[in-house]
Structure formats: structure tokens, C-alpha cells
1. Going residue by residue through the range 439-449, is there one that turns out to be open to solvent by 60 Å² or more (accessible area, probe 1.4 Å), closer than 21 Å to Ala589 by Cβ and assigned to a loop (DSSP other than H, G, I, E, B)?
2. Being surrounded by 14 or more Cβ atoms within 10 Å (Cβ to Cβ) and either part of a helix (DSSP H, G or I) or out of contact with any Leu (no Cβ under 8 Å at 6 or more places or on another chain) (or both) is the filter here, so list the residues in the range 257-268 that pass it.
3. Got a number for residues in the range 283-337 being part of a loop (DSSP other than H, G, I, E, B), in contact (Cβ under 8 Å) with a residue 12 or more places away in the chain and over 18 Å from Pro267 (Cβ atoms)?
4. Condition (residue is modelled with pLDDT under 95, open to solvent by 60 Å² or more (accessible area, probe 1.4 Å) and assigned to a helix (DSSP H, G or I)) applied to the range 32-40: is it met by at least one residue?
5. I'd like to verify a number: residues in the range 111-136 that are farther than 27 Å from Ala209 by Cβ, among the small types (Gly, Ala, Ser), in contact (Cβ under 8 Å) with a residue 12 or more places away in the chain and surrounded by fewer than 20 Cβ atoms within 10 Å (Cβ to Cβ), how many?
6. Given the condition part of a loop (DSSP other than H, G, I, E, B), surrounded by 24 or more Cβ atoms within 10 Å (Cβ to Cβ) and without any contact (Cβ under 8 Å) to a residue 60 or more places away in the chain, answer yes or no: does some residue in the range 41-54 qualify?
7. In contact (Cβ under 8 Å) with a residue 24 or more places away in the chain, open to solvent by less than 50 Å² (accessible area, probe 1.4 Å) and closer than 21 Å to Gly433 by Cα: does that describe Ser94?
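The values are calculated or read from the model by the stated rules, or taken from the named source; none is laboratory data. Quick caveat, the model's predicted, so the values are computed rather than measured. Neighbour counts are summed over all protein chains in view; Cβ atoms, including those assigned to glycine, are modelled from backbone coordinates with ideal geometry. Accessible surface is based on the protein model in full, side chains and every heavy atom, while ligands, DNA and RNA are left aside. Shrake-Rupley method; radii C 1.70, N 1.55, O 1.52, S 1.80 Å.
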Amino acid sequence: MTQMRIPAVYMRGGTSKGVFFHERDLPADPRERDRVLLRVIGSPDPYGKQIDGMGAATSSTSKIVIIARSSRPDCDVDYLFGQVAIDRPAIDWSGNCGNLTGAVGPFAVSEGLVEAPRDGTAVVRIWQANVGARIVSHVPVRGGEVVEEGDFELDGVTFPSAQIRLEFMDPGGDGGEGDAGGTMFPTRRVLDQLEVPGVGRIDATLINAGNPTVFVDAASLGLTGTERQEDMNGNAALLARCEAVRAHAAVAMGLAESAEEATRSRPATPKLAFVAPPMSYRAASGKAVDAGGIALTARIVSMGKLHHAMTGTGAVAIAAAAAVPGTVVRRALRPGTDPSRVCFGHASGTLCVGAEASESHGQWAVTKAVMSRSARRLMEGWVRVPPPEIAPGGVLRVGVNFGNPVIAQRDPASGEPRGVGPALGREIARRFGVPVAFVPYDTAGKMADGAKAGAWDVAFLAVDPARATDIDFTAPYVHIEGNCLVREGSALRRLADLDREGVRISVGNKTAYDLFLTREVHRAQLVRGPSSIAALEAFLEQGLEAVAGVRQPLEKFAAAHPGLRLLDEPYMVIGQAAGVPKGRPAAAAWLAAFIEEAKRGGLAKAALAESGQGDVTIAPPAT
């Protein structure tokens, strides 16, 4: 089995690391995209180590970023973030990563997605697709390259780097996308009281800024606010209390129907942060943090564990909440602190952020939050991923029967396959992000035999019980008529007339109509040719009484050979479907859903019309 190679860049952004991709290099189908990304990171891993992937077994390093040129006039690139669970096959697309946001601008410049000055500062306008927000990144450039080395120190990162200034525009506003849009305070209150089983009544500020975030007093959780990872992450009961608060807050914010759903379906957001007045403590590095040098003490829980520093979006939320009177954060803030520059202490040291806020008709809004991050490209090249079950060789081999011109034809100019079968095959390959290779046949029988030989991965042919021993079929996507040509003066009008002694019916060997007539005709003789075209030739040359086939090519043949006509009525309706070789259950299930989508969404109908087969009937939905 050949592994797939996908271009990728491994980057640090702030205090996080993630694998960066161009959207164009990933499968278009979201389910297959997530399968690939989980495998890249190495999840799910019951050992919790992500040994067989690029993840590093923490929420800060189990991350994915997808970048594309933006179609929005006010943005340069679209940025989609995925938080990958370590022990479960899940990617949470509900929120942003503020730390990796710091790496988006450098990635865009290095990959040529934006124009940048040769020297100076590149301004990269980012559309954060998860939460529907605009972010402006100021990236230092020298000699046409992103500057990565410098003297900017970020607590939680060992080595100094170049500073990248980030502006989160209207971080609590309605970006028009994502479920974090709308008012900054989803309950319309700056302070709420939550009733949490096992915890009791607790004051909380529920805010949409950077990411949906829940702020509580550290004391309400029995904490001081100076905790480090070793103080919390081994305490299952404490983490369960934190999750209970977070999950019930998600319900209050309208992000989940129940606390159980919040825990199950969106572990990444909202984040839970707890704050306290400025306090002295020792950071994870051993560095002393003096209460006199900070305005607030803060910690944040990410993916069920205390974060080793502070998430970038958590910092944005702190900046926004600190700018609004009455919030949990503002209550803990050192009196007299200027909201445009709030320095707070976190588990790895300190960080300064700022925000601009205003009140209108009793509602607060933050127009901009500012913070600095650094970023560095750690690795570039390809990640390798085992291919999907539907294309185990890394290339989707599509069986095409040119003997049925309703389903497939060759382009007269290029010779390339066209028609509904090839069109659906190309779309499947596109969605899985793999190349397509067509495997040509002149009869459906030969193509069906190819399943046993492992010659193709997906094929488009008629459903028949005789073929189902080797092929898992979808429901039909089109219905075509099986009919017979007879001579103009013939007394044969319907199938019952054909089934009598002395009647010879020409058929293509192992075609759907051959298989059907073999079961239904008992007295007439079936004269099998190697292909449908050969059957037509034998009908004329040998003076046979009838030739069986698909209505459309039979009509075309009759038009070119005067004195021939079709039976008065079709003898069968042929259900043309897609299939995979037996033994690929995941591929079969995916293909079945795809065919239903192709019928429902018009893909099959459009491909038929484009290839001149617009009169073919689309099959009804599967039952």
C-alpha cells in the first residue's frame, strides 16, 4: 500500500505548534479530510502519546491549520483551525487558536499567498473562518523573507524570536459565520450566576471574544489562581468540576443543548479561565513573577487540562473582559489599570494585552484587541498518510464501460473518458484528494470480472444479483430501459413474444440484459457476442430475430439501418449503480452516501446532460 504525500509545514505559533496545509492539498470531502488530518496528528491514541503522528500529546501541539486565498475583498487569506482530540477520533472546528494565529501571517507571506515588501512589515488581513472574525497580522520582512529571529521574549517559549503584532478586529462582534458571532455577551449580561451540580452557584462572565470563553473566580473552584500544570492535571475530581462549569456555561451561551452535548461534541470551546487579583508565584520555568508587576493572575483550561501558559484567544478574551466594568476579570483587576495595556500572570510567566471598548444603549462592544506573538517555521515538506480504503493504492482506479454509451463515451477530440460515470469518478477522486486513473472496458461483464482480479476501486455498472457476490453496489443513480430491436415486419412485440422456440436473441456476453434474459427466457436461444457492438453486427449478419440492449444506442442503430424497430415496450429497467469490490465496508458506505448526494444535488443529472444523455431518468432516492 502506497502512502499519500501531502505538502505541509510544521510551525510554532506563540506557545502552540501545529501542522499547516493549503486547503487545495486536502480532500474536499469533510469526512475524508478529517480522516486524513487525524492520521497526520496520530489520533486517536489510547496511549495518549500520538507516537504515530505529528502531534505531541498536549492540547497545545495537537492542532491543524488550513489556509486558502480569501474571496473576501477585505481579507487576504482564510484561516480554518482544528483542535484535534488526543484519545478520540474528533476534530473540534468550533473555535480559533490565538497562538497559531501568530503563524498564519508568516505562512501566508512565505507561501506567496500575499504580496509583501522586500523589507519592512507585511500586513496580512486574515479571515478567521471558525468564529467569523477579521484579524490583522503585522509580519516583519527582510530581503523578501519572513524575519523569525529577534529579541522578543514570550513566556512559555524558550528562545526569543521576532515580534508579530496581532490586531483582533471587533473580537466580540458578529462576523457572520461560526457560532461565536453575535453579541459579545451572549446572555446580554456582563455577570451571570450558574447553577452547576456538584459545584453550586458560581459567578461567571460569559464572553465571545477571540473564542467563546467562561471566566470565573479562582476561589469559586477552590483554587488560588497561581496553579501550574502539575498542581491540577493529575487531579481528576478537580478537572471534572472544571468541565462541569464549562459545559453548563456552554448551554447558557447557546452553544450546546445540554452539558453532556458540550462535553461530547465541543471540547475545545468555550474555554474555561479562572482569575484572581495579582499574586506573586513561580512560573513553570522557575521564573519569579512579582505581584507588583502584573494587574491580574489568570489560568486557562484547554481540552480538559490546565494550559501550560495562556491560549492566544484566552488573552484576547482577558483583554476584552478587562475593558468592561462589572465582569469577573474587571473585578479581579488591579484598581486603576489602563485597559489598553493589561499585563497578567499565567502559568509560564507574564503577557501584556490591550483592548478598546465602548458602550452603546447598555451594551458593551470591543472594537479591537491587541497582542503580540512570535512564530517559526520548524519543518517543511510532506506528511505521509495511509490512503483511504476506497483508493488503497493512493490512486482511485475507476472502471469505465465504453460498451454502454449512456454511461461513458470517449471525447472525440481528446479521447478522454466523459459521461456520467467518468464525471462521478473524477468527483470522488477530488473529494479524497487522490489522482484518478480510468480502467477501460468494452463490456460490463469484463468489468465485473475485474472486481475479482482487483483491477479497479470503483466502477459504474448495472446492479445484478449475479454480480453481487463480488461487488458491493450502491442504490441505482439512473434507470435506463432494456429493449430489443427487431425487423419492421416482425410479429414480435413484447418479451413474451420473444420467448418461444426458434427465436434467436443476440446479446452482449455478461451484460445486464444478458444476465436478465438468462433468468427470464426459457425457450428462445440467446446468441452471445463478445460485446454489445458485436451483438448488433451478429443480428444483421446472421439474420437473427432480435438483438437486446439499452434503448438509446438501439435507437441510434435503428436510425442508421432502416427497416428496424424497437419492441412496443421495454422488457426491463436497468438500474445503473456504482460499486466497490467486496471487503471494503467503509468505502461501500461512503460511496452509497455519495451516490444519494449526486442524485439529490443534481451532479448526476448535470453530467448526463453535458454528455448528451439528458433524457435518461434519475433513479429515486434509496429507501
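1. no
2. Keep residues of the range 257-268 that are surrounded by 14 or more Cβ atoms within 10 Å (Cβ to Cβ), which gives 259, 261-263, 265-268.
Result: Ala259, Glu261, Ala262, Thr263, Ser265, Pro267, Ala268.
3. Kept after step one, since they are part of a loop (DSSP other than H, G, I, E, B), are these residues of the range 283-337: 283-287, 290, 294-295, 303-304, 307-311, 323-327, 333-337.
Remaining after also requiring in contact (Cβ under 8 Å) with a residue 12 or more places away in the chain: 283-285, 287, 294-295, 303-304, 307-311, 323-327, 333-334, 337.
Then keep just the ones that are over 18 Å from Pro267 (Cβ atoms); that gives 283-285, 287, 294-295, 309-310, 323-327, 333-334, 337.
Result for the range 283-337: 16.
4. Yes, because at least one residue in the range 32-40 is modelled with pLDDT under 95, open to solvent by 60 Å² or more (accessible area, probe 1.4 Å) and assigned to a helix (DSSP H, G or I).
5. Matching residues across the range 111-136 total 1.
6. no
7. no
So that you can scan it fast, the table gives a plain yes or no per residue for (1) within 26 Å of Leu424 (Cα to Cα); (2) hydroxyl-bearing (Ser, Thr, Tyr):
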position	(1), (2)
Val9	no, no
Arg12	no, no
Lys17	no, no
Glu23	yes, no
Pro30	yes, no
Arg35	yes, no
Pro44	no, no
Tyr47	no, yes
Asp52	no, no
